[in-house]
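Notes for the one structure printed next.
The values are calculated or read from the model by the stated rules, or taken from the named source; none is laboratory data. Here the structure is a predicted model, which is why all the values come from computation and not from measurement. Positions of Cβ are generated from backbone atoms using ideal geometry, with glycine treated the same way; all protein chains shown enter the neighbour counts. Accessible surface is based on the protein model in full, side chains and every heavy atom, while ligands, DNA and RNA are left aside. Shrake-Rupley method; radii C 1.70, N 1.55, O 1.52, S 1.80 Å.
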Amino acid sequence: MDIISKINTLKKEKNAIILAHCYQPVEIDEVADYVGDSFYLSKKAAETKADIIVFAGVHFMAQSAKLLNKDKKVLLPNPKSGCAMADMLNLNDLRAFKNAHPNIPTVCYINSTAEVKAECDICCTSSNALDVVKSLNAKEVLFMPDRYLGQWIEKQLDNVKIITYSGYCPTHYKIEAKDIENARVLYPNAKILAHPECRRDVTNIVDFVGSTKEIMEYCKTSKDKLFVIATEKGVTDRLNRDSLNNRWGKTFIPIKDNIICEHMKFTSLEDIYNSLITENYQIEINENIFDDAKKCISSMMNAVTAGAR
Ligand code: 13P
Ligand code: SF4
């Protein structure tokens, strides 16, 4: 049996599902039950009746799935898969940031540790950050760790001051305004799309800003044929694959060849197979912080559901 068939057999035997982020190596989709952005995958984690969730993504995503599923096994196939942005904010830094700006609601990006979530009011993802901040009805908000997502949200709101922590994603940071300007010259008929983790001078001059899944949806439904993608390479790879398989006749060009999150690329099909066999690496969350961290994520889910009504 090939590795894909072996994984699919194990999934059935163990009543497991595999959730995969759009930045994973593209072959992971062959075994994934759901592929998407962090909010979509959190919703799928919250809904599942499976006994085991294998999270093909990075640590904070698997941790969030565990917060939504205390009694299920949540496995991260490769323990090296961290997030450089989440690592930029530890508990001491968070407390110092809050102390410097007392009595202001705190919003943490889902790209943060469970310890940080436990001390914040509400969480958000790139696709719902605007709705989450609006739901607070606050004049000022502390936003962490991603300064660029915070700045992007502030730009879209009148009369809300977003005080941002200094974190950022080193992968998206590599994309510069001059790359967008060059792409405009090279591909004058292309639509240019970027993730809100990109620098402000980048998101200011592109045609569309959205989460990984929103970028993919935009490209799928657009009447345009040529797109330049300013986010991690996994998104461009999936779009070119989907265009080929579904005869969209569309072309997707990465803004640069080196926009790769190495942590996302640690997962292999062998890791997923091993993790289903050994049931490693299990996500454990300290009992002392579990409920508070869960509340931070549940508040996000409730705020977004209420907004949708
Ligand atoms: P999404 O919310 O678009 O999945 O982004 C998560 C992430 O880590 C992007 O770098
Ligand atoms: Fe973290 Fe950046 Fe990788 Fe996303 S792309 S997981 S923010 S390091």
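A few notes on this one:
- Qualifying residue in the stretch 181-201 (condition: hydrophobic (A, V, I, L, M, F, W, C), touching a Leu at 6+ places or on another chain (Cβ under 9 Å) and over 22 Å from residue 21 (Cβ atoms)): yes
- Residue pairs whose Cβ atoms lie under 9 Å apart, sitting 6 or more positions apart in sequence or on different chains, and linking a residue in the stretch 251-276 that is farther than 14 Å from residue 237 by Cα and within 16 Å of ligand 2 (Cβ to nearest atom) to a partner that is in a helix (DSSP H, G or I) and among the hydrophobic types (A, V, I, L, M, F, W, C), are 267/28.
- Residue-level check: of (1) buried (at least 21 other Cβ atoms within 10 Å of the Cβ); (2) at pLDDT below 95, residue 153 misses just (2).
- Filtered by the rule that a residue be of a type outside the set (Lys, Arg) and more than 17 Å from the chain's Cα centre (by Cα), the stretch 64-76 gives 69, 71, 74, 75.
- The residues in the stretch 208-227 that are open to solvent by 70 Å² or more (accessible area, probe 1.4 Å) and either more than 14 Å from ligand 1 (Cβ to nearest atom) or at positive phi (or both) can be counted, and the count is 4.
- Of the candidates 195, 172, the single residue that is within 12 Å of ligand 1 (Cβ to nearest atom) and in contact with a Ser or Thr (Cβ under 6 Å, 6 or more places away or on another chain) is 195.
- Helices (runs of 4 or more DSSP H) contained in the stretch 158-267 and holding at least 2 residues touching a Phe, Trp or Tyr at 6+ places or on another chain (Cβ under 8 Å) and modelled with pLDDT of 95 or more: 200-203, 212-221, 233-245
- The residues listed here are 42, 38; of these, the one that is within 16 Å of ligand 1 (Cβ to nearest atom), out of contact with any strand residue (DSSP E or B) (no Cβ under 8 Å at 6 or more places or on another chain) and closer than 22 Å to residue 209 by Cβ is 42.
- So residue 242, is it within 16 Å of ligand 1 (Cβ to nearest atom), more than 25 Å from residue 152 (Cα to Cα) and among the acidic types (Asp, Glu): no
- Of residues in the stretch 243-280 being farther than 22 Å from residue 3 by Cβ and of a type in the set (A, V, I, L, M), the one least open to solvent (accessible area, probe 1.4 Å): 259
- Taken over the stretch 89-118, the residue count meeting the criterion of being more than 16 Å from ligand 2 (Cβ to nearest atom), open to solvent by 50 Å² or more (accessible area, probe 1.4 Å) and either of a type in the set (D, E, K, R) or part of a loop (DSSP other than H, G, I, E, B) (or both) is 7.
- Checklist (1) within 12 Å of ligand 1 (Cβ to nearest atom); (2) polar (S, T, N, Q); (3) over 18 Å from residue 276 (Cβ atoms) applied to residue 99, failing item: (1)
- The condition (being open to solvent by less than 30 Å² (accessible area, probe 1.4 Å) and away from ligand 2 (no atom under 16 Å from the Cβ)) is satisfied by just one residue among 177, 194, 230: 177.
- Set 297, 277, 255, 260: member being aliphatic (A, V, I, L, M) and away from ligand 1 (no atom under 16 Å from the Cβ): 277
- Residue match in the stretch 234-242 (condition: out of contact with any Pro (no Cβ under 8 Å at 6 or more places or on another chain), of a type in the set (S, T, N, Q) and surrounded by fewer than 16 Cβ atoms within 10 Å (Cβ to Cβ)): no
- Being under 25 Å from residue 147 (Cα atoms) and in contact with a Cys (Cβ under 6 Å, 6 or more places away or on another chain) holds for only one residue in 181, 232, and it is 232.
- Within the stretch 159-170, residues that are open to solvent by 60 Å² or more (accessible area, probe 1.4 Å) sit with their Cβ atoms under 7 Å from residues that are within 14 Å of ligand 2 (Cβ to nearest atom) and not in a strand (DSSP E or B), at 6+ positions apart or across chains, in these pairs: 166/147; 168/85; 168/147; 168/148.
- Each residue in the stretch 58-88 was checked for being farther than 15 Å from residue 296 by Cα and buried (at least 24 other Cβ atoms within 10 Å of the Cβ), and 9 pass.
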